[in-house]
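Nothing in this text is a laboratory measurement; each read-out follows from the coordinates by a stated rule. Just so it is clear, the model here is predicted, and its values are computed rather than measured. With ideal geometry, Cβ positions are generated from the backbone for all residues, glycine too; neighbour counts draw on all protein chains shown.
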Amino acid sequence: MNSQDNLKLGVKASRNSTLALALLAFLKGAVGIYSGSMVLLADAVHTGLDIFASLAVLIGLKISLKSSGKHFPYGYYKAENIVALFVSLLILFSGFELLKEGFTGVSTASKLEFQGLALATAVFSVLVIYGLSVYKRNVGTKINSQALITDARHSYTDVFSSMVVVVAVLGSILGFSELNNLGVILISLLIFKMGIESARDAVLTLMDAWLDEEKSERIKKNIYNIPGLIELEDLKLRKSGLVVFGEATVEIEGETDLKRVELLSEDIKTAVKKEVENLEHIVVNLKPVRRKNLKLALPVLDRNGFQAELSEHIGKSPYFLFVELEEGRVGDWQILENLFSNSEKKRGVKAVDLVIREKANAIAVKTVAKVPFYMLRDNFIKILRIPEGAATVRDVLDRFQDLEEITAPME
């Protein structure tokens, strides 16, 4: 699902929630008047206020659906975060009102008629509001909507206030209407905590803060594993409503051709999308630089280290020597066996797979066929020509600065 589909799903959930709250407020108000339960009538008014919060989320999501205009090139997605902040303030207001009730000792009327009906309505209210909270939380989590998740938290706090109504009605029936005061105070403190957390998240998102460091580290790891990338210089992500915008700056080989630059850009975008489901857009800045460190692969016929004799063919080579070159200086090296040198089919392809797995970014060869050539090129591995007269690895390393790049298949 794209961001527009997610927004439409959020609008539907918010609309359903608003209608359910309106019906519930009407039911509690009617039963409150009919039974004489003032606490049930007060809870009906409280639910009526929740309708405005749910409407605010609905309006915010609908605004987010608008196409970007002249003055809003990044769209109206942050309208959702503004609404989330507004709903958070409503949560805090609800907590304050409940706290006042707890300290002033609000209780039900002394005479309560139709006690069973009042109690059943209060219990039904708890179940409905809890169901709405779970519904909105699930949809909000699915589409990554901060406003809908915040509204779900709001509904969740209302579950506790509705439970207070149940206790108040029971207390009135049993003659102990004061029993709910301590519970109201404790619940209001919990509501304050939720409201502050929701307001904090909304404000930080409006200020373009990115809070998911674990996801950022996974994205960076994915990008670092992309062949042809020298260095990830910077990664910036920011939420706007339920979508994410990003910018990545990476260093690549200076002489990389345009087609491979486009492929690399797409690989980076894919690496980010793998972790960010609602990625709306990401800008990839590619900085051409000269690579200082290389991992060079050479096909060889034996295990004699730098005195190993060079092989004429990639696929038929029984071994590969891999050597680290740090600003032209020889570093660590190892020799690995090519297990597919005697295969009848796709020897060259399987040998190139070995080179790719070892994360080599350059290979020196005497000749290269069409399929291995394009495999190496598409994985950003520079293909260098072994000069005439070079018979061993040492000969290649001594003349490394003079090696020419192969730009087309040789067979």
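May I ask you to list the residues of region 303-334 whose amide nitrogen lies under 19 Å from a point 7 Å from Cα along the Cα→beta-carbon direction of Lys292?
324-332
Which FRET efficiency value, to the nearest 0.05, do you get for Leu211 and Tyr74 by plugging their Cβ-Cβ distance into 1/(1 + (r/R0)^6) with R0 = 25 Å?
The calculated FRET efficiency here is 0.80.
Of Trp333, Gln307, Val371, which is farthest towards the positive pole of region 293-405's charge dipole, taken about the Cα centre with +1 and -1 on the beta-carbons of Lys, Arg and Asp, Glu respectively?
My answer, from the dipole projection, is Val371.
Just want to confirm a number: the relative contact order over region 213-289, from Cα pairs under 8 angstrom separated by 6+ residues, in percent.
RCO, region 213-289: 36 percent.
In terms of modelled amide H atoms, which long-range or inter-chain residues lie less than 5 Å from the amide H of Val284?
Here Ala248 satisfy the definition.
5 Å is the cut-off here: which amide hydrogens, built 1.01 Å from N in the peptide plane, fall below it relative to Ile406, excluding neighbours closer than 5 in sequence?
It is Ile383, Leu384, Arg385, by chain and number.
As an exercise, use a Förster radius of 41 Å and the Cβ-Cβ distance of Lys274 and Leu89 to find the FRET efficiency, rounded to the nearest 0.05.
It comes out at approximately 0.70.
Taking R0 as 56 Å, what's the FRET efficiency between Asn342 and Asp5 from their Cβ-Cβ distance, rounded to 0.05?
Computed FRET efficiency for Asn342 and Asp5 comes out at 0.60.
Spelling out what I want: for every residue of region 19-34, take phi, set θ = phi - 60°, compute 6.51 cos²θ - 1.76 cosθ + 1.60 (Karplus), and round to whole Hz; glycine and proline get x.
Running phi through 6.51 cos²θ - 1.76 cosθ + 1.60 with θ = phi - 60° gives 5, 5, 5, 4, 5, 5, 4, 5, 5, 5, x, 5, 5, x, 5, 5 Hz.
Can you give the extra length, in nm with one decimal, that the chain gains between Glu247 and Val123 once fully stretched, where that is 0.36 nm per residue apart less the Cα-Cα distance?
Extra length from Glu247 to Val123 when fully extended: 39.6 nm.
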